[in-house]
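Colleague: Sharing a structure with you now.
The values are calculated or read from the model by the stated rules, or taken from the named source; none is laboratory data. Fair warning: this is a prediction, and the values are worked out from it, not measured in the lab. All Cβ positions, even for glycine, are placed from backbone atoms using ideal geometry, and neighbour counts span all protein chains on display.
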Amino acid sequence: MELDIIEMYPYILNIYGDNGNYQILKKRCEWRGIKVNGYKFKKDEKLDISIEDADIILMGGASDKAQTILSEDLMKERDLLYNYIENNGVLLAICGSYQMFGNRYVDLNKENIRCLEIFDMESVSSENRLIGNIILENNIGLNPKSLVGFENHGGYTYHEYGNLGNVKYGSGNNGEDFKEGLVYKNFIGSYLHGPILSKNPHLADKIIFDALKRKYNINSLKSLDDSIELKAHNFIVDNLLNE
Ligand code: GLN
């Protein structure tokens, strides 16, 4: 088996090392003998694969300025991304990328950054940035239930879709409704950096499983020894939730 993974704008959407998510998925696939073909989607460059043929799409975080720079180019992909998501395409969008799937993102200068208008949600930036460690109790059936990471965003996001998890420590989408992220079909949006998949191997494997299920109709995924990743994961949970 093999998976085609597209990183979109990896040289722009990579604040806080979110490119690590690709490395983690690639390694966890290779440990299972699953070949990964990686593609870097760049502004004004033709890719050897169309978005609609991807098995996984990854998008990282960005500064407000990067989101402004990227917006016009990203809008050109709106219909392909919409159809990919509706066709159960697996997509992980972190922080600034997550925001870009809404109707708009209002930056600190009260400027509207044009977004993809794929989800009925909006983000509004505040001087009171939401920064720090974050722990969720996930809503997507993962075991362990916790998801850990760190967040650093000025944008406060509001929506009525399913959320990746409920905030147990930290702020989440807006620091008010204790919701974090957005899940819809195989789309996962989240504010968790870390990168998110580094200390949440169970989330990484969900993404791999969903992509293989969609492409090859598999029913199970061989387990890996996640003792080191989960030791780091549990250190954060034990130290922050019991502080
Ligand atoms: N620029 C956005 C914000 O500040 C996203 C930041 C990020 O991707 N970490 O909310």
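Colleague: For the range 129-207, which fully contained strands (runs of 3 or more DSSP E) count at least 2 residues that are surrounded by fewer than 20 Cβ atoms within 10 Å (Cβ to Cβ), modelled with pLDDT of 95 or more and within 16 Å of the ligand (Cβ to nearest atom)?
Modeller: Values: elements: 146-158, 165-169, 182-184, 187-190.
In the range 129-207, the matching strands (runs of 3 or more DSSP E) lie at 146-158.
Colleague: Now a separate question. Examine the range 115-123 for a residue that is of a type in the set (Gly, Ala, Ser) and surrounded by fewer than 22 Cβ atoms within 10 Å (Cβ to Cβ), and state whether such a residue exists.
Modeller: Quick first cut of the range 115-123, residues of a type in the set (Gly, Ala, Ser) only: 123.
Keeping just the survivors that are surrounded by fewer than 22 Cβ atoms within 10 Å (Cβ to Cβ) gives none.
For the range 115-123, residues of a type in the set (Gly, Ala, Ser) and surrounded by fewer than 22 Cβ atoms within 10 Å (Cβ to Cβ): absent.
Colleague: Within the range 186-193, is even one residue over 30 Å from residue 154 (Cβ atoms) and touching a residue at least 60 places away in the same chain (Cβ under 8 Å)?
Modeller: No - not one qualifying residue is present in the range 186-193.
Colleague: Related question: Would you check which residues across the range 57-89 are closer than 22 Å to residue 206 by Cα and within 16 Å of the ligand (Cβ to nearest atom) and list them?
Modeller: Filtering the range 57-89 down to residues closer than 22 Å to residue 206 by Cα leaves 57-61, 81-89.
Across the range 57-89, the qualifying residues are 58, 59, 60, 61.
Colleague: Still on this structure: Which one of the conditions (1) within 19 Å of residue 23 (Cα to Cα); (2) touching a Phe, Trp or Tyr at 6+ places or on another chain (Cβ under 7 Å); (3) part of a loop (DSSP other than H, G, I, E, B); (4) of a type in the set (Gly, Ala, Ser) does residue 223 fail to meet, given that it meets all the rest?
Modeller: Among (1) within 19 Å of residue 23 (Cα to Cα); (2) touching a Phe, Trp or Tyr at 6+ places or on another chain (Cβ under 7 Å); (3) part of a loop (DSSP other than H, G, I, E, B); (4) of a type in the set (Gly, Ala, Ser), residue 223 violates only (2).
Colleague: To continue, here is another question. Filter the range 5-48 down to the residues that are small (Gly, Ala, Ser) and in contact with a strand residue (DSSP E or B) (Cβ under 9 Å, 6 or more places away or on another chain), then identify the one that is farthest from residue 224 (Cα to Cα). So that I can check it myself, show each step before the final result.
Modeller: Within the range 5-48, the first condition is being small (Gly, Ala, Ser), and the residues that meet it are 17, 20, 33, 38.
With in contact with a strand residue (DSSP E or B) (Cβ under 9 Å, 6 or more places away or on another chain) added as a condition, the list becomes 17, 38.
Numbers: 17: 24, 38: 22 Å.
If we take residues in the range 5-48 being small (Gly, Ala, Ser) and in contact with a strand residue (DSSP E or B) (Cβ under 9 Å, 6 or more places away or on another chain), then 17 is farthest from residue 224 (Cα to Cα).
Colleague: Look through the range 90-104, keep the residues that are surrounded by fewer than 24 Cβ atoms within 10 Å (Cβ to Cβ) and either of a type outside the set (S, T, N, Q) or within 12 Å of the ligand (Cβ to nearest atom) (or both), and return whichever of them is farthest from residue 181 (Cα to Cα). Break it down stepwise before answering.
Modeller: Filtering the range 90-104 for residues surrounded by fewer than 24 Cβ atoms within 10 Å (Cβ to Cβ) gives 102-104.
Then keep just the ones that are either of a type outside the set (S, T, N, Q) or within 12 Å of the ligand (Cβ to nearest atom) (or both); that gives 102, 104.
On the way: 102: 12, 104: 16 Å.
Filtering the range 90-104 for residues that are surrounded by fewer than 24 Cβ atoms within 10 Å (Cβ to Cβ) and either of a type outside the set (S, T, N, Q) or within 12 Å of the ligand (Cβ to nearest atom) (or both), the one farthest from residue 181 (Cα to Cα) comes out as 104.
Colleague: Which of (1) in contact with a helix residue (DSSP H, G or I) (Cβ under 6 Å, 6 or more places away or on another chain); (2) in contact (Cβ under 8 Å) with a residue 40 or more places away in the chain does residue 229 not meet, given it meets every other one?
Modeller: For residue 229, the exception is condition (2).
Colleague: A follow-up question, please. Show me the strands (runs of 3 or more DSSP E) entirely contained within the range 1-91 in which 1 or more residues are more than 17 Å from the chain's Cα centre (by Cα) and at negative phi.
Modeller: Details: elements: 2-8, 35-41, 56-59.
Ranges flagged: 2-8, 35-41.
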